[in-house]
Amino acid sequence: MFDDPKALDANSWYNIHLFLRWFWIYLPVLVTFALTMLTAYAIIPSLVITGHLPPSAQRLQIPLTVFALVVLVAAVILMVLVITNALNVQHVYDRFLY
């Protein structure tokens, strides 16, 4: 049927470590992107319309959007690192996607 997973050596443990590290860094970066976009395009306009913030607060949308785009670029780079290290883990256990 399927071959057993290979024994883990020091290099395999290091690859697993890198995979998990990049994966756990990726998640907060993605949440930061989502919260920044939510703040820029939902919370601030809503608070301005209801009068809880002055209309000048809408000027924060552009800097928040630029920050969100920078965070999105970082998230894409981190996802590339996650996928690359997931392929390294595949050398140990070749059926982790089944």
Rel. contact order, % - alpha carbon contacts under 8 angstrom, at least six apart, the chain: 47 percent
The chain: calculated mean residue ellipticity at 222 nm from DSSP helix runs of at least 4, using -39500 (n - 2.57): -23000 deg cm²/dmol
Label-to-label distance, nm, for residues given as N11 and V73 (7 Å Cα→Cβ offset): 3.5 nm
Lys/Arg +1, Asp/Glu -1 at C-beta; the chain dipole; positive extreme among L35, Q90, A7: L35
Projected-area average for the chain over all orientations - Cα convex hull basis, square nanometres: 8.3 nm²
Assigned charges on the beta-carbon of Lys, Arg, Asp, Glu; the chain dipole about Cα centre (debye): 400 debye
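Every number in this text was worked out from the coordinates using simple rules, so none of it is lab data. Since the model is a prediction, treat every value here as computed from it, not as a measurement. Virtual Cβ from ideal backbone geometry, glycine too; neighbours counted across all protein chains shown.
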